[in-house]
Amino acid sequence: MYRLMKKEGHARRGEFETVHGTVQTPAFMNVGTSAAIKGGISSIDLVDLKCQVELCNTYHLHVRPGDDVIREMGGLHKFMNWHRPILTDSGGFQVFSLAKLRKIKEEGVTFACHLDGHRIFMGPEESMRIQSNLASTIAMAFDECVENPAPYDYVSRSIARTTRWLVRCKKELERLNALPDTLNPHQMLFGINQGSTYTDLRIQHMQEIAELDLNGYAIGGLAVGETVQEMYDTIEAVEPYMPSDKPRYLMGVGTPVNILEGVHRGIDLFDCVMPSRNARHGTLFTWDGIRILHNEKYKTDPHPLDEHCGCPVCRDHSRAYLRHLFRSNEILASRLGVMHNLYFYNTLMEKIREALDNGTFETFYKHWVPILGRRI
C-alpha cells in the first residue's frame, strides 16, 4: 500500500508499505544483480549504508544458482540474509541487452543463455514462477524493452503484446500467491510502461495498464539510446496518467542529477548500476561534484574523499590512500568506492525526503543540480 504524504509541484513524498517493511519514498534501490552488490558489499553492510530496498536480477538468478535452489533455501531474503524489501526484475531487459539471438513470439521469448549458449524460453508465466520461487517483495511484469530509436509501427505492436503479457502476469501471480506452499503469498506486481520516445504510444500504454489496478507502475525502456531531454520529456508526458495512489518507478536511471530531475517530475523509486559500477573504476560521487580518483592531483592529497560525507570511507581514509588502492588494483578499492557511492546515493534520497517534508525541495533541486553533475 502506498500513502502519498505530501507534494511539492510534481515531486511526491510518500510511504510504501510491504510485507518486508515500509519504504520511505522517494527511494533509490541498490542493485545486487546476483543477490550481491558487486564490489564486495554484504547485506550487513547495506544496512549501515542506509539501503531500504535491494534489487535482484531474475534472469541471472534463474541461470545461476537456479531459482529452484533459492526456493529450497527459503527464498532470497533468507538466502542472502537481507530482511528488508527486495524487488526482482522480470528478465525482460536481459532478453533485450544480452541476447544476440532471440525470437519473440506471442508465447514469450526464446534466446541463448549468455553463459553457455543453451536455449532458454521465458514468457509471462515463466517469469512469474521464477520470481515466486525467489519470493521477492515486488515482482516486475515481463515485458519487451524496445531499443531507441525504433520504428513507430513496431513499437505500437510491441506495447500491445506487452499489455497482453501483463494480463497473463497478473493472472499467473494471483494463482501462485494462492498456492498453499508459496513462500511469499503477499508478492506484489508492478507493470511497466513502454513506448520508446513516442509520446502518444507512451500515454496510450500507460492508460491501458493503469486499468489493471496493479501494486505499482514503472516507466521502462529509457536510458537505452535516447537523449537525456527525451527521457525527461517522456516522464513528463506519462506522469499525469500514472495512478497517484501507487508508487512510480523509473527503471535503470541514473546519475544523481537524473534522480533529482526524476523526483522533480513525480517519480518515487529509482535503480541503477551506475553508483557501484562507476565506483569500481574510481569515479566517485560527492557533494562537491564527481571526483575521478585516478587523477594525479590526488597522489598526496590528505583530505577525505568528501569532506561533507559521514560514510565510513570518508571518516577513515584519505584521497591519496584511495587513489593508491585504485592504481594498485587492490580489491579494497572497489569495496571502499562502492560503499561510499551507495552511502552517497542513499543520503541524497534522505535529503530529498527531508526537503519535501520541509517544503523546500524546489530550492534544494535548483541548488544541487548544477553541482552534482559537474566533474571536479
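Among the residues of region 111-151, those identified as within 23 Å of A35 (Cα to Cα), among the polar types (S, T, N, Q) and in contact (Cβ under 8 Å) with a residue 60 or more places away in the chain are S127, Q131, N133, S136, T137. From Y217, Y154, Y232, grab the single residue that is free of Cβ contacts under 8 Å to residues at least 40 places away in the same chain and touching a strand residue (DSSP E or B) at 6+ places or on another chain (Cβ under 6 Å). Exactly one residue qualifies, and that residue is Y217.
Per-residue answers, yes or no, for (1) farther than 19 Å from A36 by Cα; (2) crowded, with 23+ Cβ neighbours inside 10 Å; (3) among the charged types (D, E, K, R):
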site: A333; (1), (2), (3): no, yes, no
site: G337; (1), (2), (3): no, yes, no
site: H340; (1), (2), (3): no, yes, no
site: T347; (1), (2), (3): yes, no, no
site: K351; (1), (2), (3): yes, no, yes
site: E354; (1), (2), (3): yes, no, yes
site: F361; (1), (2), (3): yes, yes, no
site: R375; (1), (2), (3): yes, no, yes
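Look at (1) in contact with a helix residue (DSSP H, G or I) (Cβ under 9 Å, 6 or more places away or on another chain); (2) in a loop (DSSP other than H, G, I, E, B) and you find that D245 fails only one, number (1).
When the residues of region 1-53 are filtered to those that are of a type in the set (D, E) and within 27 Å of D213 (Cα to Cα), which remaining residue is farthest from the chain's Cα centre (by Cα)? The residue in question is E8. Quick one: would you say N148 is closer than 23 Å to E236 by Cα, modelled with pLDDT of 95 or more and in the same structural domain as M242 (by TED's automatic domain parsing)? No: the conditions fail for N148.
One line per residue, one yes/no per condition, for (1) in a helix (DSSP H, G or I); (2) touching a His at 6+ places or on another chain (Cβ under 8 Å); (3) crowded, with 16+ Cβ neighbours inside 10 Å; (4) at pLDDT below 95:
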| position | (1), (2), (3), (4) |
| --- | --- |
| G221 | no, no, yes, yes |
| G225 | no, no, no, yes |
| G266 | no, yes, yes, no |
| S276 | yes, no, yes, no |
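Answer yes or no: is there a residue in region 188-206 that is among the charged types (D, E, K, R), touching a residue at least 24 places away in the same chain (Cβ under 8 Å) and farther than 19 Å from E144 by Cα. No, region 188-206 contains no residue that is among the charged types (D, E, K, R), touching a residue at least 24 places away in the same chain (Cβ under 8 Å) and farther than 19 Å from E144 by Cα. The single condition from (1) assigned by TED's automatic domain parsing to the domain that holds A36; (2) surrounded by fewer than 15 Cβ atoms within 10 Å (Cβ to Cβ); (3) in contact with an Asp or Glu (Cβ under 9 Å, 6 or more places away or on another chain) that Q229 fails is (3).
So that you can scan it fast, the table gives a plain yes or no per residue for (1) touching a residue at least 12 places away in the same chain (Cβ under 8 Å); (2) farther than 24 Å from T88 by Cα; (3) in contact with a Gly (Cβ under 8 Å, 6 or more places away or on another chain); (4) assigned by TED's automatic domain parsing to the domain that holds E239:
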{"site": "V257", "(1), (2), (3), (4)": "yes, yes, yes, yes"}
{"site": "V263", "(1), (2), (3), (4)": "yes, no, no, yes"}
{"site": "W287", "(1), (2), (3), (4)": "yes, yes, no, no"}
{"site": "H294", "(1), (2), (3), (4)": "yes, yes, yes, no"}
{"site": "K297", "(1), (2), (3), (4)": "no, yes, no, no"}
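Restricting the first member to region 70-93 and to residues that are within 25 Å of V109 (Cα to Cα), and the second to residues that are part of a loop (DSSP other than H, G, I, E, B) and among the acidic types (D, E), the beta-carbon pairs closer than 7 Å and six or more apart or on different chains are S90/D143; G92/D143; G92/E144. Is one or more of the residues making up region 358-374 within 20 Å of D301 (Cβ to Cβ) and either of a type outside the set (A, V, I, L, M) or not in a helix (DSSP H, G or I) (or both)? Yes, region 358-374 contains at least one residue that is within 20 Å of D301 (Cβ to Cβ) and either of a type outside the set (A, V, I, L, M) or not in a helix (DSSP H, G or I) (or both).
The values are calculated or read from the model by the stated rules, or taken from the named source; none is laboratory data. Remember, predicted model here, so these are calculated numbers, not experimental data. Glycine also receives a Cβ, built like all others from the backbone with ideal geometry; neighbour counts cover every protein chain displayed.
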